[in-house]
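Just below is one structure, and these are the notes that go with it.
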Amino acid sequence: MPDRTVPADASGIEQERIAVLNDRRRQKGDYVLYWMQQSQRAHWNHALEFAVSRANKIQQPLVVLFAVTDQFPEANWRHYTFMLEGLFHTAKDLEKRGIKFILRKGDPARTALELGETASEIICDKGYTRIQRQWRQSVAENAVCPVFCVESDAVVPVETVSGKAEYAARTLRPKILKLLDRFIRPATEIRLQHPATGLPITGMDLPDPETIPDHLNIDRSVRPVTAFYKGGTSEALSRFDEFLTHRIKRYTRNSNQPQTDDTSQMSPYLHFGQISPVYLAWKVRTTKGLDSDIQTAFIEELIVRRELAVNFVYFTPDYDSYACLPQWAARTLDEHRHDKRDPIYTMAELEKSSTHDPYWNAAMDEMKFTGFMHNYMRMYWGKKILEWSKDPETAFQTALTLNNKYFLDGRDPNSFAGVAWIFGRHDRAWKERDVFGKVRYMNAAGLERKCDINGYVKKVAQRKHIADTE
Ligand SMILES: Cc1cc2nc3c(=O)[nH]c(=O)nc-3n(C[C@H](O)[C@H](O)[C@H](O)COP(=O)(O)OP(=O)(O)OC[C@H]3O[C@@H](n4cnc5c(N)ncnc54)[C@H](O)[C@@H]3O)c2cc1C
């Protein structure tokens, strides 16, 4: 019988976070390898702590590998800059813990397998999108040693919450909330006992973010947004601290007020695994003096909504195509496919922010020039793409392409779930109307009524000016 027993480890990590991906016997290698991919951080990283505890147990050093590929689907200069800024700091943080960090260029699975040839065990972290799962499967199938996968980028492990794609937040919520006490716990840091000094393993130097396109063959058409967002765990921590100290008190009041900046702006850092969602949840739960309705509202977004997206991508094979829509939504959109659309814009026109709608143009500018957008405007932005495209399938593709091209947090489970929501996924039927059928509608009058939309337009114009003068 293949042995797939999860080893009891010293790190106190919940067993549900750990999976054994193959049934190889431990080989007598020179080190334990942590192939870092999703959880790109040196703290509150369960996969890293598990790897340290395994290395200590078998009295070997630990090597952490990050393989950078220039073939990552839809990634461009903006994304690579943010990611490599983060890795630069992660490498330093690991060094402070006496852990050897190696950066290599190449296909992640192949590179992990190469370095895995002389490893006793391989540990990887968990990713939910198709390519991330394919890489892990390839490593598990082809490695000569055991491969363990440790889930650190969801508060509650995806398969512990549910075994199927959940219908909506209301069906996931009760399942996930009852598990929070068990999973919102600090990840204990373990001291590495055998440093890797002297191991003859080398990698490449981390390129200066300015020179990234000289090192990697990547799409340079989308510029970095360093004036607004710098990558890295310490950036995430100080931004979150500032949010907790000054802005979270207005979180519920301003959740649909895009002229304000009263959300955490953690999504780019969460996307690249530069900050742990468990840390954020723990911090909000343990901060004294926070109103419980604010804690609940933040946990709702950070855990219920975010992990609904994880559940969606994990259990829906075609999560990135129009076919992922629920039947009722696909049917109603189909019934209205011949409704008159006026105006109709192409993707190129939309991308130029040249529609008749100044609010929408501001949203598109915010996305292009800052790499971010307030959730309320993301909803409006997507709904208008559905309204102004020649058919719903084109709208879906346009929204997903632009989302993933410009947002720092694009290409995330949240990207696919967010775009699918525009078209009815995780939502319910509303009053029937042209073009949208029974799918939820939004309009400019609603923005004018509910928020200071002109304040938002002004805010984006100022940020565009900053970006232009960079
Ligand atoms: C059309 C559309 C596209 C979207 N595309 C993306 C995307 O590409 N990447 C992305 O990370 N999010 C996306 N979202 C979800 C959401 O808008 C962002 O996560 C949120 O605006 C990020 O801001 P914040 O970090 O300040 O959030 P906060 O309000 O501070 O919330 C904390 C964290 O909770 C999670 N969260 C917040 N709101 C949502 C939500 N509605 N759904 C799921 N998770 C949420 C995020 O991880 C966020 O960082 C999209 C939503 C829509 C409607």
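The values are calculated or read from the model by the stated rules, or taken from the named source; none is laboratory data. These numbers come from a predicted model, not from an experiment. Quick reminder, even Gly has a Cβ in these numbers, built from the backbone with ideal geometry, and neighbours come from all protein chains shown.
Here is how the numbers come out for the structure above:
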{"read-out": "Some residue of segment 414-425 being aliphatic (A, V, I, L, M), in contact with a Ser or Thr (Cβ under 8 Å, 6 or more places away or on another chain) and buried (at least 21 other Cβ atoms within 10 Å of the Cβ)", "value": "no"}
{"read-out": "Where R285 falls short, out of the listed (1) touching a residue at least 60 places away in the same chain (Cβ under 8 Å); (2) farther than 26 Å from K92 by Cβ; (3) not in a helix (DSSP H, G or I)", "value": "(3)"}
{"read-out": "Any pair with Cβ under 6 angstrom, 6 or more apart, that starts in segment 411-423 at a residue that is at negative phi and ends at one that is of a type in the set (S, T, N, Q)", "value": "S415/N403; S415/N404; V419/N403"}
{"read-out": "Test: residue in segment 159-181 that is polar (S, T, N, Q) and surrounded by fewer than 16 Cβ atoms within 10 Å (Cβ to Cβ)", "value": "yes"}
{"read-out": "Residue among M364, M379 that is more than 7 Å from the ligand (Cβ to nearest atom) and among the aliphatic types (A, V, I, L, M)", "value": "M364"}
{"read-out": "Unique residue being in a helix (DSSP H, G or I) and of a type in the set (D, E, K, R) when the list is R306, R341, R253", "value": "R306"}
{"read-out": "Search result, residues across segment 185-214 that are closer than 24 Å to F369 by Cα and surrounded by 17 or more Cβ atoms within 10 Å (Cβ to Cβ)", "value": "P207, P209, I212"}
{"read-out": "Residues (within 20 Å of A445 (Cα to Cα), in contact (Cβ under 8 Å) with a residue 24 or more places away in the chain and among the hydrophobic types (A, V, I, L, M, F, W, C)) located in segment 374-397", "value": "M377, M379, I385, L386, W388"}
{"read-out": "In segment 405-435, residue nearest to the ligand (Cβ to nearest atom) [restricted to those that are part of a helix (DSSP H, G or I) and aromatic (F, W, Y)]", "value": "W421"}
{"read-out": "Residues of segment 370-395 satisfying the condition of being β-branched (V, I, T) and more than 21 Å from I453 (Cα to Cα)", "value": "T394"}
{"read-out": "Of the criteria (1) within 30 Å of L180 (Cα to Cα); (2) under 23 Å from the mean Cα position of the chain (by Cα); (3) in the same structural domain as R26 (by TED's automatic domain parsing), which one G106 fails", "value": "(1)"}
{"read-out": "Segment 387-404: number of residues that are crowded, with 22+ Cβ neighbours inside 10 Å and near the ligand (Cβ under 10 Å from one of its atoms)", "value": "3"}
{"read-out": "Which numbered condition T211 misses (of (1) part of a helix (DSSP H, G or I); (2) within 20 Å of the chain's Cα centre (by Cα); (3) of a type in the set (V, I, T))", "value": "(2)"}
{"read-out": "Residues within segment 326-355 that are surrounded by 16 or more Cβ atoms within 10 Å (Cβ to Cβ) and over 15 Å from K383 (Cβ atoms), tallied", "value": "5"}
{"read-out": "Near pairs, Cβ below 8 angstrom, 6+ apart or cross-chain, from segment 21-37 (closer than 12 Å to A47 by Cβ) to any residue that is surrounded by 15 or more Cβ atoms within 10 Å (Cβ to Cβ) and among the charged types (D, E, K, R)", "value": "V32/R54; V32/E121; L33/E121; M36/D125; Q37/D125"}
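Okay, residues lined up against (1) buried (at least 18 other Cβ atoms within 10 Å of the Cβ); (2) on the phi < 0 side of the Ramachandran plot; (3) within 12 Å of the ligand (Cβ to nearest atom); (4) β-branched (V, I, T):
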| residue | (1), (2), (3), (4) |
| --- | --- |
| A236 | yes, yes, yes, no |
| F243 | yes, yes, yes, no |
| R247 | no, yes, yes, no |
| Q265 | yes, no, yes, no |
| L270 | yes, yes, yes, no |
| I275 | yes, yes, yes, yes |
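So that you can scan it fast, the table gives a plain yes or no per residue for (1) surrounded by fewer than 20 Cβ atoms within 10 Å (Cβ to Cβ); (2) over 29 Å from I184 (Cβ atoms):
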position: A51; (1), (2): no, no
position: I58; (1), (2): yes, yes
position: Q71; (1), (2): yes, yes
position: E74; (1), (2): yes, yes
position: D93; (1), (2): yes, no
